[in-house]
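K.L.:
Here's a structure for you.
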Amino acid sequence: MENKQSQKGRQRILFIEDDAMLVRAYKGKLTMEGFEVDSAEDGLEAIQKLGFNDYDLVLLDLMLPKINGYDVLKQLRTSGWPAAKKPVIVFSNLGDTSDISKAKELGANDYLIKANLTPNQVVEKIKEGLK
């Protein structure tokens, strides 16, 4: 079922995550919800995609190969890239207060702990982040 949003141009999300099963699951869920989803499996690939593409929201894991999520976030927020001012939701199992504080200081709009949320709750948080 096509909705008005997808007819006008679907909102684009970059999901930066190195767990292939998680990427498949969330990509399917978000696509069914009407989003266009691109993914990057490591920080280097994420930076390359962010440098050349515009996304409406970035869903970012912190524990990534090559370049960690903190450095991806820092580089995104200090760049002139199209997505530099767009919402970033950190999606990690690192739940320590220092991790959350550091991500927020670097410019994360929200911080979600993977193990604490269902896919439906994550989709709701993404929709809230896009408002």
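K.L.:
Between a residue in the range 94-118 that is of a type in the set (Gly, Ala, Ser) and any residue that is in a loop (DSSP other than H, G, I, E, B) and surrounded by 11 or more Cβ atoms within 10 Å (Cβ to Cβ), which pairs come within a Cβ distance under 6 Å, given they are 6 or more apart or on different chains?
P.N.:
Ala115/Asn93
K.L.:
Are any of the residues in the range 21-38 over 19 Å from Gly9 (Cα atoms), at pLDDT 95 or above and in contact with a Ser or Thr (Cβ under 6 Å, 6 or more places away or on another chain)?
P.N.:
yes
K.L.:
Then there is this: Could you grab me the full set of residues in the range 77-117 that are over 18 Å from Asp18 (Cα atoms) and within 12 Å of the chain's Cα centre (by Cα)?
P.N.:
Ala83, Lys86, Pro87, Ala108, Asn109, Asp110
K.L.:
State which residue pairs qualify: first residue in contact (Cβ under 8 Å) with a residue 40 or more places away in the chain and inside the range 72-84, second residue of a type in the set (Gly, Ala, Ser) and buried (at least 18 other Cβ atoms within 10 Å of the Cβ) in any location, beta carbons under 8 Å apart, and separation of 6 or more residues or different chains.
P.N.:
These pairs meet every condition: Val72/Gly43; Val72/Ala46.
K.L.:
Determine if the range 73-80 includes at least one residue that is hydroxyl-bearing (Ser, Thr, Tyr), closer than 20 Å to Leu130 by Cα and surrounded by 13 or more Cβ atoms within 10 Å (Cβ to Cβ).
P.N.:
In the first step, residues of the range 73-80 are kept if they are hydroxyl-bearing (Ser, Thr, Tyr); the result is 78-79.
Now drop any that are not closer than 20 Å to Leu130 by Cα, which leaves none.
No: zero hits.
K.L.:
Specify which of the listed residues (Lys66, Lys102) is in contact with a Leu (Cβ under 8 Å, 6 or more places away or on another chain), over 18 Å from Ile13 (Cα atoms) and among the basic types (Lys, Arg).
P.N.:
Only one candidate passes the filter, namely Lys66.
K.L.:
Go through (1) within 17 Å of Lys104 (Cα to Cα); (2) of a type in the set (Ser, Thr, Tyr); (3) more than 13 Å from the chain's Cα centre (by Cα) for Tyr70 and report which single condition fails.
P.N.:
(3)
K.L.:
State all residues of the range 15-43 that are loosely packed, with under 15 Cβ neighbours inside 10 Å, farther than 15 Å from Val123 by Cα and hydrophobic (A, V, I, L, M, F, W, C); if no residue qualifies, say none.
P.N.:
Those that are loosely packed, with under 15 Cβ neighbours inside 10 Å, farther than 15 Å from Val123 by Cα and hydrophobic (A, V, I, L, M, F, W, C): Ala20, Met21.
The values are calculated or read from the model by the stated rules, or taken from the named source; none is laboratory data. These figures come from a predicted structure and were not determined experimentally. All Cβ positions, glycine included, derive from the backbone under ideal geometry; neighbour counts span all protein chains shown.
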